[in-house]
Structures are given as structure tokens and as C-alpha cells.
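The values are calculated or read from the model by the stated rules, or taken from the named source; none is laboratory data. Owing to the predicted nature of the structure, the values given are computational and were not obtained by experimental measurement. Neighbour counts are summed over all protein chains in view; Cβ atoms, including those assigned to glycine, are modelled from backbone coordinates with ideal geometry. Calculation scope for accessible area: heavy atoms of the full protein, side chains included, ligands and nucleic acids excluded. Shrake-Rupley method; radii C 1.70, N 1.55, O 1.52, S 1.80 Å.
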Amino acid sequence: MECDFKESIQKALQDANLTGALGKFSEAYKINRTKAYEGIDFEALRGKIAEIKSYAASNLDQLSDLFQQNAEARGATVFRTNDPAKVREYIARVARENGVKSVVKSKSMATEEIHLNPHLEKEGISVAETDLGEWIIQLAGQTPSHMVMPAIHMTKEEVADLFSKEVDERLAADIPRLVKVARNELRPRFLEADMGISGGNIAVAETGSIVLMTNEGNARLVTSLPRIHVVLVGIEKLVATYADIAPILKALPKSATAQQLTSYVSIITGATPNTDGTMKDLHIILMDNRRTEMANDPKFKQALQCIRCASCLNVCPIFRLVGGHVFGKVYTGGIGTILTAWFDELKKSEDIQGLCIQCGSCKDVCPGKIDIPELIMEIRRRLVQEQGLPLIQKTIYSVVNNRKLFHGMLRAASIASRPLSSGGFLRHLPLFLAELTDGRSLPAIAAEPFRDRFKKIVQPESKEKIAFYAGCLIDFAYPEMGEALIRILNKAGFQVVFPDEQTCCGAPARYNGAYEVAAHNAVDNIKALLQKDVAHIISACPTCTVAMQHEFISTFESLGQTEWLPQARELSEKTIDFSTLVTKLVEEGRLSLKEGTTLGAVTYHDSCHLKRTLHATEQPRELLQKAGYELREMPECDTCCGMGGSYSLKLPEISAPILQRKMKNIRTTGAATVAMDCPGCVMQIRGGFDQNGGDVQVKHTLELLEEQLA
Ligand code: SF4
Ligand code: SF4
């Protein structure tokens, strides 16, 4: 990572105004969004939007032709180009030919994308942003930090300072007063402007209409008062029919600002008369800028389903910590990373793609049904394909790919780190490793890994076999979890087998774009785990379960490797996570929970992969309650703990405050124990409490259930 990128992260993290404002906003947003969608079938709605937008993405040329035909029949001039420079030149030429001296604009990300304002200003044209947030950042000489709320990173005090300079009067940080000042300042700009420039939320091919949704009414003035109106839209805004507006209109305000409906919805169909009786000069620019290329890319086509609601930013645990400016000058957050890689260049996403912790929160709320984390992984894969792996990663993966060497090194590290460990933790690491134990202890590497302990376990014989995939953490840090799991499965009448050749699930390599390495790990594990005649393959780590259920297949598919696909599918079908299997065994009567015990209060942390890919949220909760625990829900129970595999090692400065927030949320419940189904989350949260009071015990669900299962 570039030094100045790391510096920009540090700067953002130290900006208390930024983190405070975004933290409060995202907390309130989640609650309000849920309320806004009450009684609405979100899955059906976003399914419809995805269908509409996907159809449009498959027919961009045809819909552009139809749009042009219908808009021109209604008096508009339509200009189509792939090239941002030609868009800038077109608008400047229209301005020159009509003697335009001043322009008013309503919010448009497409104009940000092509850096229109500086271009017009160079031509001697004054440009006034009229959306309040855009005007604020224009006065501040900044770029938007958020697609919908461009000045969300600024406090009212900072805005008062800016406005004070503008009106040459000391203004208090009083929001209604500041809004009044903005209105007074902008009104004459509307009246004197020769040209209005707007974006568009939707472009309807069937009628040649542009749909605009705003909350301030400024777009109505921009599009109606000046004699010339220029609309700039990316072609992903096209939809086929007028009826297609409805689902987007329904979702956009709910997802963007948790409103039922945007205050102003304008539909502009063709040129309209000016107040002096002349007709408005209406220009509509359909900009491609690699959108067609994106539509032809089978992986990235879905990114064109975006309706620019910014919901994905509002729920992103990283965005709420570092804000938008760290992501660059135009598009921000997870979707911004994808758009930057395409509309700017892949290389520009090199640093920012690393900000994504792969928690999946954005995917859950996206009304365009876009798998943002998966697309960010694809960016990583393409970057590695283009640039190769950094030397240090190459070395690490060559070790991980050699199971005997990898495990041998872990055993050696266990011995070497013994002088540094106490009570099962590594609390301080020396030299350049010191940062890794800042705010969180690491687990000591087990003196005897699970694979060695397994050989000594005596199990009752059974015809019903189940294979256990331990994953690196249970194998080498928490072998006692593996032992507890075996006792539980023995109680259910299974004999557990542990194929010794199993190795890393490949998730660390895959999440860093090293798909070839991940594919190698996948083949090793398939060979190891499918060789036994077993009913299931169980894992007590959701990341490993997701790898075996989904990612082995998608890794082979991404690489175009077909040889191991049938076996990967077979493995996927047999793989199951701990809580889902135990729930099934309880339902079948093969396991039962001791009744009548009261075991105290416990709160539950949802691990990202368990909740968002395996969809197991109720199972562990029900099991814990049946076992006799009092379940107390914490705020943001499903927000990432900051572990993210190697993320916490690569970006500890981001991981640490996420963990702090998680611990605060756990403590608010007053429960003495927090349960979770992921050994990675156990490592993060247990290590956090070890360094911050040790007042809460952190357990894998299976450790809490073992005694209660019969
Ligand atoms: S990616 Fe999805 S959530 Fe993000 S802005 Fe686009 S539509 Fe909204
Ligand atoms: S997966 Fe998580 S971290 Fe990544 S962009 Fe989405 S919300 Fe942000």
C-alpha cells in the first residue's frame, strides 16, 4: 500500500468530527431504513429492479437508439459518446455558441465523473452548485464524500465558517439559519443563469423522459429557469418502459435516506416553453465511458444495476470509520471502488480495494441486488493477474501451498513463541510485529495441534461417519474446540474422521486475489475430504464452510478450470456448519438439550459469513436458549468485528476501532458471555477483551452447548 494512502486513512481515523458524525448517522440509518421498508417485500422489489436494470444492461444500444428517437421527437437534442472529453467539449461548445456566462447545476455524479466544473471554469463560465451539500463542498474546494449526501463529513460549525466567509458575516452554527443563507445566496444565481445542468436518476427509452428525484426542489429550478438545459446521464440510467420507473421510485428514497418518497419527483419529457414563449434548448447527453464494455463483462455487468442510492455506503463498517475521501475523488465506498476501477482505471483501485473487509453488509441492502464484495474480489483477482503478487505474499502462499512445510512451520512457531505467551495469549510481539498486538492479544499457537490430539481420542465405533474439517485456527490455536465438537458428534452417534491431508481452505489467498493459490488449496482439500464415505463434512468455522460450500466452485469457475468442478460440487453438498447440523440433529431427536437449567445471560455475535452466506442466524440463538441461556441481543449484533481474516493484520488501524465498537456493544447487554460460531471472531473478540478488562468471556457456541447436549 502506498504511504500517502495509509496517511489518508490515519488522517480520517483521527478526525473525530468525521467518525462521530458517520457513526451516529449509520446507526440511525439502519433503524430508519428498516422502518421505511416495513410491510414491503424487499427481496421481491429488488428482484424486480435487478430484472429491469439487467434487461437494460443487455440492450444498451437498442435502448439508447429508442431513447434518442423519442427524446428528439419531443424537441430534445441527444448527444451520445463513450468519451468523457467529448462530453466536456460538447457542453462547453453549447455554452460558447449561446454566450453562456453562468451555469447552475443540480447534483450529478456523472458531472463529477468527468470533472466538468473545472473545465467550464477554465472556459470563463461561472458554475454554481445548487444542491445544498454540493454547494457546501464547492465553497470548501472539496469533492463529494458520499453519493447522496456529499457533505456528510462536515459539521454544522464547519459549514457556518464557510458560509460566514461567503456572506462576510459571522454566522452561528444554526441549521435553519444556514439553510436560509444558502437560499438567499442561490436564488439570484438561478435567476441570472443562462444554462442549467442536471443529471438524471432514470432515462426512459419508451418516452425519452428523464426522471429526477431531489429533496430540495433545486433541480426544478435548474431545469426550468435557464433557457438552456443540459442533462448528463450515464447510459446505465436507461430503462425500457415508463412502468419501469415505479419500482426504482419506490426503493430509491427508502434506501437512500430512509424516506417513503423523495420530496420532489420531476419527469421531463421533451423541451418545454420558456417564460418568454420560446422553447427551451434541451440537450441530453448519454455517456458511455466504458459502461458498454462493463455490460459485456459477465462478472461486472451486474454493477450496472446500481441505482446510486448509497445504501451500501451507509451500512459499510469501513466507510463509517474513514468516510469517502479515502476512496478517491468521485465514487466512494464499495460500489465506488468498482466504478473507479472501470470509469477511471483498474490501477486506481489498487489501494482502495484493500479497504473492503468482505463483511457482505452492502450486498444485503443493495436494491440493485449487486454482489459488491464478490466484484471487489474479482478486482483483486484481476489486479493480481495483471501485476502479479507482492514478493512477501508470494512467499507466504508458497508455504501455505505446501501442507507439510506450512504445518511444520506452525509447529516451529509454537515452540519459538512460547517465551512470549502466557495464559494462552501472545500479548506483546517484538519489533515490526508489535502493531499486531495493539489493542488485541493473539492466541498462543497450541503446543499440540488438533491433528495430533485427534489421534489420541477414543471414539465409540459407528457405521455413521462424519468428516471434520478443522481449519487452521481450530487446528493450531483452539484444538479444544475441535475436541468438544467430536464429543458432541459422538453423542449423536457419529464417528468422526479427520483426514490428515486437509489444509488451509484457501480463503486468505482468495480474499487477496491469489485465485491460483486458492484453487491449489481447494484441490488438496477435495482430495482429502471426499475420500471417505461420510454423511457430512462439518466445519465449525463459517469462513471455511463458505469456502467449501461456495468458493471452491466459484474459484474454479473464475479461473476457467473444470477438472475439479464435479468434486467441488459434491463436497459443497456434503458440507454443513456446526449450528445448522446440531439444529438438524436436535430436530431428528438424535441430540437433545438438557431441560430446566438456568445458565445465565449470553449475547450473540453474528459472524459475517454465517449470517450472510450460510443464512444461519436463528439456529445458534435457538440452541443457546433451549440449552438454558438467557439471550440478550446487543446493538449491531451482525456488524463485523473487524477480524476479516488477514485484514486485521494488514489494516490493524481500521480493525482496532471496529473491535472497540463491538466490545462496547457487547458490554451494553450486561451479559457475562458472548457467543459466536466463528473461531476467527473468537480470536478477535477474545483477544480484545483480554487487553481491555477481561470482563466478558468469549466462547464458540459449541463450547457453551457441549455440556448441555445429550
Ligand atoms: S451498489 Fe446498490 S446499494 Fe450501492 S448505491 Fe448502487 S444500488 Fe445503492
Ligand atoms: S463487503 Fe463490507 S466492507 Fe466491503 S464494501 Fe461491503 S459493507 Fe463495505
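Observations on the structure shown:
- By DSSP, the beta bridges lying fully in the stretch 58-291 are antiparallel in about 30 percent of cases.
- Coordinate range along principal axes, alpha carbons of the stretch 173-288, Å, largest first: 43, 40, 25
- C-alpha center-to-center spacing [the stretch 544-584, the stretch 357-435] in angstrom: 20 Å
- Computed over the stretch 236-311, Cα set: Rg, Dmax in Å: 16.1, 51
- Counting only DSSP beta bridges with both residues in the chain, the antiparallel share comes to about 25 percent.
- Solvent-accessible surface ranking, highest first, for 643, 663 at 1.4 angstrom: 643, 663
- Packing rank of 49-55, 231-237, where each peptide gets the mean count of other beta carbons within 10 Å, highest leading: 231-237, 49-55
- Working from the Cα coordinates of the chain, the gyration tensor eigenvalues give, after taking √(5λ), semi-axes of 52, 27, 24 Å in decreasing order.
- Based on the reciprocal of the average 1/r between different C-alpha atoms, the Kirkwood radius for the stretch 653-710 equals 11.9 Å.
- Partnerless Cys - the chain, beta-carbon criterion under 4.7 Å: 3, 306, 309, 316, 356, 366, 472, 504, 637, 641
- Rg/Rg_ref, the stretch 634-686, where Rg_ref = 2.2 N^0.38 Å and atoms are Cα: 1.08
- Full-stretch length increase - residue 448, residue 386 - with 0.36 nm per residue and alpha-carbon distance subtracted: 18.2 nm
- Kirkwood Rh and Cα Rg combined as Rg over Rh, evaluated for the stretch 439-587: 0.97
- Computed from backbone phi with θ = phi - 60° and the Karplus coefficients 6.51, -1.76 and 1.60, the 3J(HN,Hα) list for the stretch 211-223 is 9, 10, 10, 9, 9, 10, x, 5, 5, 5, 6, 4, 8 Hz; x is used for glycine and proline.
- Averaging the sequence gap over all C-alpha pairs within less than 8 Å and six or more residues apart, then dividing by the number of residues, gives the stretch 58-291 a relative contact order of 29 percent.
- With R₀ set to 41 Å, the beta-carbon distance separating residue 695 from residue 301 gives a calculated FRET efficiency near 0.25.
- Cα centroid separation, the stretch 170-191 to the stretch 665-710 (Å): 52 Å
- Heavy atoms of residue 276 accessible to a 1.4 Å probe, total area in Å² rounded to 10: 110 Å²
- Hydrodynamic radius (Kirkwood) for the stretch 523-681, which is based on Cα pairs only, to one decimal in Å: 17.4 Å
- Taken along the Cα-to-beta-carbon direction at a fixed 7 Å, the label points for residue 463 and residue 569 span 3.0 nm.
- The chain: relative contact order in percent, alpha carbon pairs under 8 Å with at least 6 residues between: 12 percent
- Taken over the stretch 56-174, the convex hull of the Cα atoms encloses 143 Å³ per residue.
- Debye equation applied to the C-alpha atoms of the stretch 58-291, log10 I(q)/I(0) at 0.18 Å⁻¹: -1.46
- Taking all protein chains as they are arranged and a probe of 1.4 Å, the heavy atoms of residue 135 leave approximately 10 Å² accessible to solvent.
- Residues in the stretch 183-226 reached by a label modelled at residue 98 [backbone nitrogen below 13 Å; 7 Å Cα→Cβ]: 193-198, 222-226
- Along the stretch 279-289 the Karplus relation, 6.51 cos²θ - 1.76 cosθ + 1.60 evaluated at θ = phi - 60°, assigns HN-Hα couplings of 8, 5, 8, 9, 10, 10, 9, 9, 9, 8, 6 Hz to successive residues, with x for each Gly and Pro.
- Solution diffusion estimate, µm²/s, Stokes-Einstein, the stretch 368-422, Kirkwood Rh from C-alpha pairs, 25 °C, viscosity 0.890 mPa s: 173 µm²/s
- A full extension of the chain between residue 17 and residue 649 corresponds to an added length of 224.9 nm, given 0.36 nm per residue minus the alpha carbon distance.
- Helix content alone sets the calculated 222 nm mean residue ellipticity of the chain: runs of n ≥ 4 DSSP H residues at -39500 (n - 2.57) each, divided across all residues, give -14000 deg cm²/dmol.
- These residues, 615, 325, go from largest to smallest accessible area, 1.4 Å probe, as 615, 325.
- Order of exposure, largest accessible area first, which applies to 291, 177, 453 with probe 1.4 Å: 177, 453, 291
- Where only C-alpha atoms are counted, convex hull volume of the stretch 601-708 per residue in Å³: 89 Å³
- Estimated distance in nm for a label pair at residue 395 and residue 272, the labels positioned 7 Å out from Cα along Cα-to-Cβ: 6.6 nm
- Seen from a random direction on average, the alpha-carbon convex hull of the stretch 111-178 projects onto 5.0 square nanometres.
- Under 25 Å from residue 532, Cα to Cα: lysines that are on another chain or at least 8 residues apart: 404, 455, 456, 463, 465, 491, 574, 584
- q = 0.12 Å⁻¹, the stretch 296-429: log10 I(q)/I(0) [Debye, one scatterer per Cα]: -0.63
- Here the accessible area of the stretch 58-291 is 51 percent carbon and sulfur, with a 1.4 angstrom probe and all protein chains present.
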